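Presented below is the structure to which this report refers.
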Ligand SMILES: [Zn+2]
């Protein structure tokens, strides 16, 4: 019997600070209540330190760089081009992170659109900006706020993107933060990678693009707590709830979302569940995700050691998995590995 294989990828939504309407980010968040928006990049002074948490352990990161056709446009690509190219040349992957937002003149806010024609245009415009600035095409994507529709999936596939990791199985949201974003539905999606149908992004079909859901292990408790958190998103009640939830080991996340804000209790369970899956099936694919801006503590304005420790502990935990060959990969490498050997 060959040794079971655990293929691991860490993907990062690499963009500006969280919006200032996300609890805790009032002072340091980006202002999306203006057109043009006022984008805050202050987390980026710790980008090298964040990367060192992975790179020190020779773990590649898939940096999914924020591009859209408003409010951010290609600001990130132009501001950080040299750094992005340096990361790419040393083995990290540079993919794309697209938010499907439009300016609502009535509300005077940037909000997520659900118009399929406009979603398609945003994907095409964003990939074009990416290629024009960096000189190569992205192979990997995660959509902003986990957004997905048939129009978006088809547009990603037409643009030659090999893999999307926006899916979070068993979750849906009709809009958080006063209904302005986080509109998505991944209720029916399989938990294992699949090539989607062009008529139904949640069902297996024959598109070339691969959907690789973020690894997940939802419990009844995390689902109930997640519904409660969604209910209070954007309110100060949530800010008060977070430290208490950490003490009680509660997290609204059943997926591999690496965050300094909630209890890390799900990570051990996820890692051991995927190690078991590798033993059972011969191979398993573990995909985690995080926001680069979480390296900044919005209360102190300096780096957040809890986040650094969280990442270090996760990598340490994975290295301790017994009798399994662990291979760290970029997201597009992971998709190629899956396509070569679907499980
Ligand atoms: Zn985002």
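What are the residues in region 35-63 that are more than 22 Å from residue 301 (Cα to Cα) and either buried (at least 20 other Cβ atoms within 10 Å of the Cβ) or touching a residue at least 40 places away in the same chain (Cβ under 8 Å) (or both), if any? Write out each step before concluding.
So the first thing to find is which residues in region 35-63 are more than 22 Å from residue 301 (Cα to Cα), and the list is 35-36, 54-63.
Listed by number, the residues that qualify are 35, 54, 57, 58, 59, 60, 61, 62, 63.
Filter region 127-152 down to the residues that are under 22 Å from residue 173 (Cβ atoms) and within 16 Å of the ligand (Cβ to nearest atom) and list them by number. Before the answer, list the steps.
Narrowing region 127-152 to residues under 22 Å from residue 173 (Cβ atoms): 141-152.
Answer for region 127-152, where residues must be under 22 Å from residue 173 (Cβ atoms) and within 16 Å of the ligand (Cβ to nearest atom): 141, 142, 143, 144, 145, 146, 147, 148, 152.
Residue 23 - would you say it is modelled with pLDDT under 95, away from the ligand (no atom under 16 Å from the Cβ) and in contact with a helix residue (DSSP H, G or I) (Cβ under 8 Å, 6 or more places away or on another chain)? In short, yes.
When you check residue 91 against the structure, is it under 30 Å from residue 281 (Cβ atoms), within 16 Å of the ligand (Cβ to nearest atom) and in contact (Cβ under 8 Å) with a residue 24 or more places away in the chain, yes or no? Step through it out loud before you land on a result.
Details: under 30 Å from residue 281 (Cβ atoms): yes; within 16 Å of the ligand (Cβ to nearest atom): no; in contact (Cβ under 8 Å) with a residue 24 or more places away in the chain: yes.
No: the conditions fail for residue 91.
Restricting attention to region 101-115, the residues that are assigned to a loop (DSSP other than H, G, I, E, B) and either under 16 Å from residue 176 (Cα atoms) or touching a strand residue (DSSP E or B) at 6+ places or on another chain (Cβ under 9 Å) (or both) add up to 4. Restricting region 1-20 to residues that are more than 14 Å from the ligand (Cβ to nearest atom) and within 30 Å of residue 177 (Cα to Cα), the residue that is farthest from the chain's Cα centre (by Cα) is 20. If the condition is being without any contact (Cβ under 8 Å) to a residue 60 or more places away in the chain and within 23 Å of residue 78 (Cα to Cα), then region 108-126 contributes 121, 122, 123, 124, 125, 126.
The set of residues in region 176-194 being more than 22 Å from residue 285 (Cα to Cα) and either at pLDDT 90 or above or within 14 Å of the chain's Cα centre (by Cα) (or both) consists of 180, 181, 182, 183, 184, 185.
What's the total number of residues in region 268-282 that are touching a helix residue (DSSP H, G or I) at 6+ places or on another chain (Cβ under 8 Å) and either surrounded by 22 or more Cβ atoms within 10 Å (Cβ to Cβ) or at pLDDT 95 or above (or both)? So that I can check it myself, show each step before the final result.
First, pick out the residues of region 268-282 that are touching a helix residue (DSSP H, G or I) at 6+ places or on another chain (Cβ under 8 Å): 268, 271.
Among the residues that remain, those that are also either surrounded by 22 or more Cβ atoms within 10 Å (Cβ to Cβ) or at pLDDT 95 or above (or both) are: 271.
Total meeting the criteria: 1.
Answer yes or no: is there a residue in region 50-57 that is within 27 Å of residue 258 (Cβ to Cβ), at pLDDT below 95 and in a loop (DSSP other than H, G, I, E, B).
Within region 50-57, the first condition is being within 27 Å of residue 258 (Cβ to Cβ), and the residues that meet it are 50-57.
Okay, now just the ones that are also at pLDDT below 95, so 55-57.
Okay, now just the ones that are also in a loop (DSSP other than H, G, I, E, B), so 56-57.
Yes, because at least one residue in region 50-57 is within 27 Å of residue 258 (Cβ to Cβ), at pLDDT below 95 and in a loop (DSSP other than H, G, I, E, B).
Annotation: of all residues in region 64-75 being at negative phi and more than 11 Å from the ligand (Cβ to nearest atom), the one that is surrounded by the fewest Cβ atoms within 10 Å (Cβ to Cβ) is 75. Of all the criteria given as (1) surrounded by fewer than 20 Cβ atoms within 10 Å (Cβ to Cβ); (2) at pLDDT 95 or above; (3) in a loop (DSSP other than H, G, I, E, B), the one not satisfied by residue 16 is (1).
A Cβ distance below 7 Å, combined with a sequence gap of six or more or placement on separate chains, defines the contacts here; from region 12-24, residues that are more than 21 Å from residue 141 (Cα to Cα) reach residues that are at pLDDT 95 or above and not in a loop (DSSP other than H, G, I, E, B) in the pairs 20/30; 20/31.
Condition check for residue 286 on (1) loosely packed, with under 14 Cβ neighbours inside 10 Å; (2) assigned to a strand (DSSP E or B): one failure, at (1).
The values are calculated or read from the model by the stated rules, or taken from the named source; none is laboratory data. Worth saying up front: this structure is predicted, and the values here are computed from it rather than measured. Cβ atoms come from the backbone with ideal geometry, glycine included; neighbour counts cover every protein chain shown.
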